[in-house]
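Take a look at the structure set out below.
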Amino acid sequence: MNPSDPSIQLETLPVQLDGVQKNLRIFPGISGSCFQHSDDSSASSALQGVPMFPQLFSMLNSNYLDQKNRMGHLTYELRLGPTQGAALYSKCVQVCRILDLPQLPEFYLNTHPMINAYSSGVNEPIVSISHGCVAHLSEAELLAVIGHELGHIKCHHGFNQSLASLFAQAGVSSISNIVPVIGATAVFGFRAALGHWSRMAEFSCDRAALLVVQDPQVVAGLIAKIAGFYEGVVPDFNFESLYTQLDDYNKYDQNAWQSLVKLEKMIFDSIDENNTHPSPVLRIKRILEWGESDQYEDILAGKYTPESSTTLSTTPMPNTMRCASCGTALQLDAKFCSRCGHRA
């Protein structure tokens, strides 16, 4: 946004987090491009430039993928709503309001004991939160986890995520059989590009988490807790020592053997479907740096270019409707209101 342009007037949402009253800013009309990390954008462009991408795009039916995805969640997980897990569901609605999602995804609770959450789906996104999140995270950290997953939705990561899931389930040989004109070698290269994008996308979603909780230390602490190194395990845990560790990693090019080992790790990381996230040390460093950046401060001040947002309109846009409860403009196929959670 041009500095001479007037800032968007941001409302605040009063939220009780861990016994403290917070007034969190709401970002009307914000798009994923406002906070998307450049590495995410570059990796996505590179992925779309891989020759086999158009074939896979045309092969996959997003409606089928969405319905298959939803059926799996309806079968094995607990769907949250105003009358089912209402306290947890209300946090999901709060995050949707902060990030201005025009359509509320379906939210589910799964039984995984570890701290884990994910989003899935292309046109009908779903967010699933584990028992571990509810049991081990503070209220602020839980809000950050939900914000991270909604960041995937704001940045339109759904199709690429579906591709990654397909590769993880089917494997290279099966994909080669499905698209025989491409061959295993090309599939292997595409898988590497997809793995790289998957890790870079996490940097964008960490930023979405920060926009939700508006406290860099909360997001950094969450990443550390997920990685298993935090004060509950290491009483004298501190970020400064982590930075020293990261500096040693960055300097791991001082001889040919170190360079070879580092390159080898990068290659194997890119094709390991179990390694979908970047280094937690690097994630912590980058989110703390972004928390001190002009870009972050500008967004907090309302200095960003809004997308065409239903919440900015006084009258419904074409192909939208009004929530019967609060009057917010919604897409015609919306299932829930993104502002109040009322069923559309």
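Here are the numbers for the structure shown:
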item: Tabulated pairs, segment 156-168, first at positive phi, second surrounded by 21 or more Cβ atoms within 10 Å (Cβ to Cβ), C-beta under 8 angstrom, 6+ apart or interchain; result: 156/32
item: Residue that is nearest to residue 27 (Cα to Cα) [pool: residues in segment 93-119 that are out of contact with any Lys or Arg (no Cβ under 9 Å at 6 or more places or on another chain) and polar (S, T, N, Q)]; result: 94
item: Any hit, segment 104-112, residues being at pLDDT 90 or above, aliphatic (A, V, I, L, M) and farther than 30 Å from residue 294 by Cα; result: yes
item: Selected residue (only one of 170, 164, 144 is in contact with a Phe, Trp or Tyr (Cβ under 9 Å, 6 or more places away or on another chain) and either part of a helix (DSSP H, G or I) or at pLDDT 85 or above (or both)); result: 164
item: Which numbered condition residue 58 misses (of (1) modelled with pLDDT under 95; (2) crowded, with 19+ Cβ neighbours inside 10 Å); result: (2)
item: Top-ranked residue of segment 71-126 - restricted to ones that are among the β-branched types (Val, Ile, Thr) and in a helix (DSSP H, G or I), ranked as surrounded by the fewest Cβ atoms within 10 Å (Cβ to Cβ); result: 75
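The values are calculated or read from the model by the stated rules, or taken from the named source; none is laboratory data. Only a predicted model underlies this, so the values are computations on that prediction, with no experimental measurement involved. Glycine gets a Cβ as well: all are built from the backbone with ideal geometry, and neighbour counts include every protein chain shown.
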